[in-house]
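Down below is the structure, laid out as structure tokens.
The values are calculated or read from the model by the stated rules, or taken from the named source; none is laboratory data. All of these numbers come straight from a predicted model, not from anything done at the bench. Cβ placement follows ideal geometry from the backbone for every residue including glycine, while neighbour counts extend to all protein chains displayed. Ligands, DNA and RNA are stripped out before the accessible areas are found, and what is left, the full protein with its side chains, is counted by its heavy atoms. Shrake-Rupley method; radii C 1.70, N 1.55, O 1.52, S 1.80 Å.
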Amino acid sequence: MSGVFIGALFGTIFVVANAHSPLPPAVGNTLRVLAVLTFAGLPALALSAGRQAPPAAAQGSAESQPPWFRGKFALVVVAEVVLLIGGNLALRAAGAPEETAVAWIALIVGLHFVALMAVWKRRSIAVPGVALTVLGAAGLAMAAGPAVAWVPFVSGVLSGVALLGGSAYAVLQASRHPYPAAPTPQP
């Protein structure tokens with residue numbers, strides 16, 4: 001669940017940081033409150049799912065579980081950080097509007113999820129990955145025209161909604177589909 005909460009945290013940050021003008025203040029504030037409430041509600045859902053999980057011994061030892069956060073994962077994260085920093089520096093140097101920063105972040109974070117789908121063999125993370133990639137690319141395209149003021153909404157708020165929605169879906173799935181009971185040893 002740690003990956004789910006990291007995604008939800010970043011989704012909340014996307015919404016809180018980008019729900020501003022040209023949105024009316026009441027709409028922006030409502031979106032911020034909903035994002036924070038969604039994030040705050042996820043631990044309760046996760047605890048519900050956790051109560052249904054078998055004891056750690058029944059799930060297998062740490063050595064038998066996949067190394068989710070090592071090896072290729074580390075390479076994907078390093079590439080993501082390099083692209084985030086390098087791309088934003090290049091956009092600034094090229095004189096791109098400041099709104100392109102959030103679009104670039106959404107694009108790279110989305111691509112990071114797509115790469116992790118291949119590394120982890122988990123198709124479920126392709127949905128937020130593709131959503132953020134598309135929203136980031138759309139924001140970069142919008143930044144070149146008169147709709148530049150809407151880039152934070154499209155690439156920021158909607159990306160945050162995608163991350164929060166994906167995280168909430170993952171937690172709900174875990175609470176609805178508890179781990180199967182460990183097999184009983186046969187004599």
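Miscellaneous remarks
- Tally of residues being in contact (Cβ under 8 Å) with a residue 40 or more places away in the chain and either surrounded by fewer than 20 Cβ atoms within 10 Å (Cβ to Cβ) or aromatic (Phe, Trp, Tyr) (or both) across region 143-155: 4
Quick grid of which residues meet (1) among the aliphatic types (A, V, I, L, M); (2) at pLDDT below 95; (3) in a helix (DSSP H, G or I); (4) under 14 Å from the mean Cα position of the chain (by Cα):
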| residue | (1), (2), (3), (4) |
| --- | --- |
| Ile108 | yes, no, yes, yes |
| Leu116 | yes, yes, yes, yes |
| Pro128 | no, yes, yes, yes |
| Ala131 | yes, no, yes, yes |
| Ala138 | yes, no, yes, no |
| Pro146 | no, no, no, no |
| Ala149 | yes, no, yes, no |
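For every residue, the table says whether it meets (1) without any contact (Cβ under 8 Å) to a residue 40 or more places away in the chain; (2) surrounded by fewer than 21 Cβ atoms within 10 Å (Cβ to Cβ).
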| residue | (1), (2) |
| --- | --- |
| Val109 | no, no |
| Leu116 | no, no |
| Ser124 | no, yes |
| Val127 | yes, yes |
| Ala131 | yes, yes |
| Ala138 | yes, yes |
| Ala141 | yes, yes |
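- Each residue in region 142-175 was checked for being touching a helix residue (DSSP H, G or I) at 6+ places or on another chain (Cβ under 7 Å), under 12 Å from Glu99 (Cβ atoms) and not aromatic (Phe, Trp, Tyr), and 8 of them qualify.
- Residues of region 63-81 include at least one that is open to solvent by 50 Å² or more (accessible area, probe 1.4 Å), modelled with pLDDT of 95 or more and either under 18 Å from Ala168 (Cα atoms) or not basic (Lys, Arg) (or both).
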